[in-house]
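**Student:** Structure in structure tokens, see below.
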Amino acid sequence: MAETRPIPESLPPLPPAFLEFLRENGLDPMMYSMADTIPRYIRLKPGMEPQIPEIESELKCHVDKVSWLPDFYAIPPEVQIAGSKAYQQGKIYGIDAASGAAILALDVQPGDHVLDLCAAPGAKLCMLADMLGSTGSLTGVDVAKHRLAACRTMLLKYSLGDRCRLFVADGTSFSILPVNCSLGSGEGSTGFKDNGSTFSEWTSKRSWKDRQKSKKAKTAGSPHLTSTSEPELIYYGKHSGLVGLRKCDVLRPSADDEALTSGYDKVLVDAECTHDGSIKHIQKFEFWGWKTLDRRVLDAERTDNLLHLQLCLLTNGFKLLKTGGSLVYSTCSLTVAQNENVVQQFLCEHSSAELQKIDSAGNWPCRSGSIFKTLRFDPATSQTSGLFVAKFTKLQTLIISNRNVVL
């Protein structure tokens, strides 16, 4: 674990309401003065190491290898990557090192079926796809279609979508299992109309029916689904396992406890939060307007709803996890309420959930959370954005008289 770096003494221009939010949550406002000292991080697509001199020439800066995180490099915070050929050609993408650590904590193995339950904006999804390579499958879910469409664009840009499928769906109720696991017990009602259609290879050209459906959604005005909406599949790769299968089989919701044996091997729940740990994100409100911060971060009702949402996302992600699988819960909030408190409540309600030690974290520049085995990244300790990370496993249970008993 790294030593804490000194925090600059000058207080950044933060509005009184946000300062009060920080005070109530025991957070030091001085950390927001570190925004200009935290490096920007990029991930290099595996195999591109020989092109580092060329990438440095394009970015007009030296890229420093992050010793504790494979394929990650640090660049000065003011450097913009979007105009570089390396970015445009899919050789690099921006992702904070703390987010990369949360993904590494999942310990993705060849052949794993992986679920990213809050997939947008897509950098984490790309890293997961890179780690899987040419085996297993990756399912990305997000409630906002326009944000998930950005994920699709990233996957295609970096040639990483071959084994992926993307669903616009509510992560608190999504219940579709990995494709090779969802076909053996598909008797009974699927919840989807069976018109005998099968999946052909995906194309970016939309049918007339899909275009009409999209028009209706725009007319309705909300970019988000309701919890009762059916999942909408907006992308699937050639080797995602869907081509040639009946839609009613693939898209059927899973039955109770089916995931115990047929669920995902790894699940990432990078939950929606107040983003107060993302120093550069908070800095953007100087341009967006602090009233926007009041609405998006400080509204008491929204914060209460967020706590409920985070617990529901974690609960559903765990439900979709197979026995013996691993789930990582993370947020870019530094508050105890959105992290340790959510973890504690979840553990109290799920006897089959057990926190795991993150084996790869031995040399990470982070500190322990207030619950044993949880980790916290923050600007002063880690030279990254703030991030909370907790890793769970699902213990084996025995069903006796409709009750799950942990073995």
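The values are calculated or read from the model by the stated rules, or taken from the named source; none is laboratory data. Please read these numbers as outputs of a predicted model, since none were measured by experiment. Here Cβ is always computed from backbone atoms with ideal geometry, including for glycine, and neighbour counts include all displayed protein chains. The area values use the complete protein model at the heavy-atom level, side chains included, leaving out ligands, DNA and RNA. Shrake-Rupley method; radii C 1.70, N 1.55, O 1.52, S 1.80 Å.
**Student:** Within the range 335-378, which residues are out of contact with any strand residue (DSSP E or B) (no Cβ under 8 Å at 6 or more places or on another chain), in contact (Cβ under 8 Å) with a residue 40 or more places away in the chain and hydrophobic (A, V, I, L, M, F, W, C)?
**Tutor:** Answer for the range 335-378, where residues must be out of contact with any strand residue (DSSP E or B) (no Cβ under 8 Å at 6 or more places or on another chain), in contact (Cβ under 8 Å) with a residue 40 or more places away in the chain and hydrophobic (A, V, I, L, M, F, W, C): VAL336, ALA337.
**Student:** I've got another one for you. Just the residues that are under 18 Å from THR331 (Cα atoms) and over 13 Å from the mean Cα position of the chain (by Cα), please, taken from the range 95-127. Give the derivation first.
**Tutor:** Within the range 95-127, the subset under 18 Å from THR331 (Cα atoms) is 95-106, 115-125, 127.
Selection gives ALA97 alone.
**Student:** Separate question: Look at GLY83 and say whether it is assigned to a loop (DSSP other than H, G, I, E, B), touching a residue at least 24 places away in the same chain (Cβ under 8 Å) and not hydrophobic (A, V, I, L, M, F, W, C). Even if it seems obvious, please write down each step before you answer.
**Tutor:** Working: assigned to a loop (DSSP other than H, G, I, E, B): yes; touching a residue at least 24 places away in the same chain (Cβ under 8 Å): no; not hydrophobic (A, V, I, L, M, F, W, C): yes.
Taking the combined requirement at face value, the residue does not satisfy it.
**Student:** If you don't mind, there's one more thing I want to ask. Could you give me the residue pairs with C-beta distances under 6 Å whose first residue belongs to the range 163-187 and is farther than 23 Å from LEU148 by Cα, whose second residue is at pLDDT below 95 and of a type in the set (Ser, Thr, Tyr) wherever it lies, and which are 6+ apart or on separate chains?
**Tutor:** CYS181/SER262
**Student:** Could I ask something else about it? Among (1) modelled with pLDDT under 55; (2) under 21 Å from the mean Cα position of the chain (by Cα), which single condition is ILE176 missing?
**Tutor:** All conditions are met except number (1).
**Student:** Another one. Those residues that are under 20 Å from LEU306 (Cβ atoms), among the hydrophobic types (A, V, I, L, M, F, W, C) and part of a helix (DSSP H, G or I), I need them from the range 336-378; list them, please.
**Tutor:** Matches in the range 336-378: VAL342, VAL343, PHE346, LEU347, CYS348.
**Student:** Among the residues of the range 49-70, are any assigned to a strand (DSSP E or B), surrounded by 15 or more Cβ atoms within 10 Å (Cβ to Cβ), under 21 Å from the mean Cα position of the chain (by Cα) and modelled with pLDDT of 95 or more?
**Tutor:** Taking the range 49-70 as the starting set, the residues that turn out to be assigned to a strand (DSSP E or B) are 64-65.
Applying the additional criterion that residues be surrounded by 15 or more Cβ atoms within 10 Å (Cβ to Cβ) yields none.
No, because not a single residue in the range 49-70 is assigned to a strand (DSSP E or B), surrounded by 15 or more Cβ atoms within 10 Å (Cβ to Cβ), under 21 Å from the mean Cα position of the chain (by Cα) and modelled with pLDDT of 95 or more.
**Student:** How about the range 382-394: which of its residues are farther than 13 Å from ALA97 by Cα and open to solvent by 10 Å² or more (accessible area, probe 1.4 Å)?
**Tutor:** Correct list: LYS391, THR393, LYS394.
**Student:** Which of (1) within 30 Å of GLY362 (Cα to Cα); (2) in contact with a helix residue (DSSP H, G or I) (Cβ under 8 Å, 6 or more places away or on another chain); (3) surrounded by fewer than 22 Cβ atoms within 10 Å (Cβ to Cβ) is the odd one out, the single condition LEU115 does not satisfy?
**Tutor:** (3)
**Student:** Can you name the residue in the range 379-394 that is in contact with a helix residue (DSSP H, G or I) (Cβ under 9 Å, 6 or more places away or on another chain) and in a strand (DSSP E or B) and is also farthest from ASP265 (Cα to Cα) among such residues? Outline the logic, then answer.
**Tutor:** Filtering the range 379-394 down to residues in contact with a helix residue (DSSP H, G or I) (Cβ under 9 Å, 6 or more places away or on another chain) leaves 379-380, 382-392, 394.
Of the ones still in play, those that are also in a strand (DSSP E or B) are 387-392, 394.
On the way: LEU387: 23, PHE388: 22, VAL389: 18, ALA390: 16, LYS391: 13, PHE392: 12, LYS394: 10 Å.
Once the filter is applied, the top-ranked residue is LEU387.
**Student:** Can you name every residue in the range 142-172 that is open to solvent by 50 Å² or more (accessible area, probe 1.4 Å) and among the polar types (S, T, N, Q)? Give the steps one after another, and end with the answer.
**Tutor:** At the first step, the residues of the range 142-172 found to be open to solvent by 50 Å² or more (accessible area, probe 1.4 Å) are 145-147, 152-153, 156-157, 159, 162-163.
Passing the criteria: THR153, SER159.
**Student:** Does GLY188 satisfy the criteria of being part of a loop (DSSP other than H, G, I, E, B), in contact with a Lys or Arg (Cβ under 8 Å, 6 or more places away or on another chain) and modelled with pLDDT under 90?
**Tutor:** Working: part of a loop (DSSP other than H, G, I, E, B): yes; in contact with a Lys or Arg (Cβ under 8 Å, 6 or more places away or on another chain): no; modelled with pLDDT under 90: yes.
It is false that GLY188 is part of a loop (DSSP other than H, G, I, E, B), in contact with a Lys or Arg (Cβ under 8 Å, 6 or more places away or on another chain) and modelled with pLDDT under 90.
**Student:** Kindly indicate whether THR381 is of a type in the set (Ser, Thr, Tyr) and more than 27 Å from PHE72 (Cβ to Cβ). Quick ask: steps written out before the conclusion?
**Tutor:** On the way: of a type in the set (Ser, Thr, Tyr): yes; more than 27 Å from PHE72 (Cβ to Cβ): no.
Considered against the rule, which asks whether it is of a type in the set (Ser, Thr, Tyr) and more than 27 Å from PHE72 (Cβ to Cβ), THR381 comes out as no.
**Student:** Can you name the number of the only condition in (1) open to solvent by 30 Å² or more (accessible area, probe 1.4 Å); (2) touching a Lys or Arg at 6+ places or on another chain (Cβ under 9 Å); (3) more than 17 Å from CYS332 (Cα to Cα) that ASP36 fails?
**Tutor:** In the conditions (1) open to solvent by 30 Å² or more (accessible area, probe 1.4 Å); (2) touching a Lys or Arg at 6+ places or on another chain (Cβ under 9 Å); (3) more than 17 Å from CYS332 (Cα to Cα), ASP36 misses (2) alone.
**Student:** For LEU44, indicate whether it is aliphatic (A, V, I, L, M) and either modelled with pLDDT under 95 or over 19 Å from LYS85 (Cβ atoms) (or both).
**Tutor:** Details: aliphatic (A, V, I, L, M): yes; either modelled with pLDDT under 95 or over 19 Å from LYS85 (Cβ atoms) (or both): no.
The answer is no for LEU44.
**Student:** So, of the residues in the range 118-133 that are out of contact with any strand residue (DSSP E or B) (no Cβ under 7 Å at 6 or more places or on another chain) and touching a residue at least 24 places away in the same chain (Cβ under 8 Å), which turns out to be surrounded by the most Cβ atoms within 10 Å (Cβ to Cβ)? Before you say what the answer is, go through the steps one by one.
**Tutor:** Of all residues in the range 118-133, those out of contact with any strand residue (DSSP E or B) (no Cβ under 7 Å at 6 or more places or on another chain) come to 121-122, 130-131, 133.
Imposing the further condition that a residue be touching a residue at least 24 places away in the same chain (Cβ under 8 Å) reduces the set to 121-122, 130-131.
Values: PRO121: 15, GLY122: 27, ASP130: 16, MET131: 22.
Taking the candidates together, the pick is GLY122.
**Student:** Looking only at the range 298-340, which residues are among the hydroxyl-bearing types (Ser, Thr, Tyr) and more than 25 Å from GLY26 (Cβ to Cβ)? Step through it out loud before you land on a result.
**Tutor:** To start, the set of residues in the range 298-340 that are among the hydroxyl-bearing types (Ser, Thr, Tyr) comprises 303, 315, 323, 326, 329-331, 333, 335.
Scanning the range 298-340 gives THR315, THR323, SER326.
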